Amino acid sequence: MVAQLQNLYAQARAFLIREMAVPNAESILLGYLDRPDRGPGPRTLRDVYRGLLDSAQNANMKRGVVSGSIDGIDALGAVLFAFDPHKTRSVYGLDDVALLDAIERTLKPRSRNGIRRTARSIWPHFCRAALSGAAFLSQFESVDDFLSWARHFYGDPRSAAALPLLLSEEIHGFGYPLACDFLKELGFMNYGKPDVHLIDILTGVGVCPQRASAYQVQKTIVEIAKANQVTPYHVDKLFWLIGSGRFDRHPELGTLGSIGRKKRKFIEAFGHIVTS
């Protein structure tokens, strides 16, 4: 199995370098695969809560609707008590209607037709995520308390993949990939983000079972990383670049930094096809 994962990784790198089709493709690619400088990490529980909200809006069209209508996530501090999860929990409980009323009254989100309040609409979903996230974080006394709890799972390879699963159960609408994204942004860099690109590719080439869960895909990302002595972040970014084709920092590549989605071509090179 290790040899298979080493071959998959080597072939993925070679494939992407060929598809980039520029002389310095390898050095450009390494700039995307290296771990970014994460800085000191969260200093307070407020930082953790703000990060949770930022990740919560990364699903579907939420970022454009939420941040895009109030000039950034930081504006929410005005109705979330400077991102204090304890105070937010105390004032709103799980009353997402009350929070949405406060957002509409205080922040006046821009929308041509007003904020939609149907059960499936983005703002009500986001408010439920915000309040369930506050309720979850209110269990912790401080940022050190939260980080100690998270590191208990993170430090053991047998339980690391379970931490995002637990968060996805606690926070409304979060989902496993967003939980991984949240943890990664806090500095837990051994998490990839098992989004649709990675699920399609890793099931398509046969290293994950068909209909694999995001939890199973995350464990496979870690196995590929271990086999190739790189970080899960590195593996995640490599396959995400194949799936998305986006090199945003290099507009000279392809069309304004996009070489087009390549996952189907990559999978077919291994004799597999993407299944729906």
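The values are calculated or read from the model by the stated rules, or taken from the named source; none is laboratory data. Note that the structure is predicted; figures quoted are calculated from it, not measured. Every residue, glycine as well, gets a Cβ built from its backbone with ideal geometry; the counts of neighbours run over all protein chains shown.
See the values below:
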item	result
From the options Pro209, Pro251, residue that is assigned to a loop (DSSP other than H, G, I, E, B) and farther than 20 Å from Tyr32 by Cα	Pro209
Phe83 over 27 Å from Asp195 (Cα atoms) and surrounded by 13 or more Cβ atoms within 10 Å (Cβ to Cβ)	yes
Residue within the range 16-27 that is in contact with a Phe, Trp or Tyr (Cβ under 7 Å, 6 or more places away or on another chain), at pLDDT 90 or above and either in the same structural domain as Arg261 (by TED's automatic domain parsing) or polar (S, T, N, Q) (or both) present	no
Helices (runs of 4 or more DSSP H) contained in the range 104-201 and holding at least 1 residues free of Cβ contacts under 8 Å to residues at least 60 places away in the same chain and crowded, with 21+ Cβ neighbours inside 10 Å	122-137, 162-170, 175-185
Among residues of the range 223-250, those that are out of contact with any helix residue (DSSP H, G or I) (no Cβ under 8 Å at 6 or more places or on another chain) and basic (Lys, Arg), counted	2
Residue in the range 58-67 that is in a helix (DSSP H, G or I), modelled with pLDDT of 95 or more and outside the structural domain of Lys237 (by TED's automatic domain parsing) present	no
Candidate set: the range 244-267, residues that are surrounded by 20 or more Cβ atoms within 10 Å (Cβ to Cβ) and farther than 19 Å from Val22 by Cα; chosen: the one nearest to the chain's Cα centre (by Cα)	Lys263
Condition met for Leu238 (in a helix (DSSP H, G or I) and either of a type in the set (Gly, Ala, Ser) or at pLDDT 95 or above (or both))	yes
Subset tally (residues that are touching a helix residue (DSSP H, G or I) at 6+ places or on another chain (Cβ under 8 Å) and either polar (S, T, N, Q) or at pLDDT below 90 (or both)) for the range 204-216	6
Count - residues of the range 120-144 that are among the charged types (D, E, K, R) and closer than 15 Å to Val91 by Cα	1
Residues of the range 28-57 satisfying the condition of being charged (D, E, K, R) and either in a helix (DSSP H, G or I) or at pLDDT 90 or above (or both)	Arg43, Arg46, Asp47, Arg50, Asp54
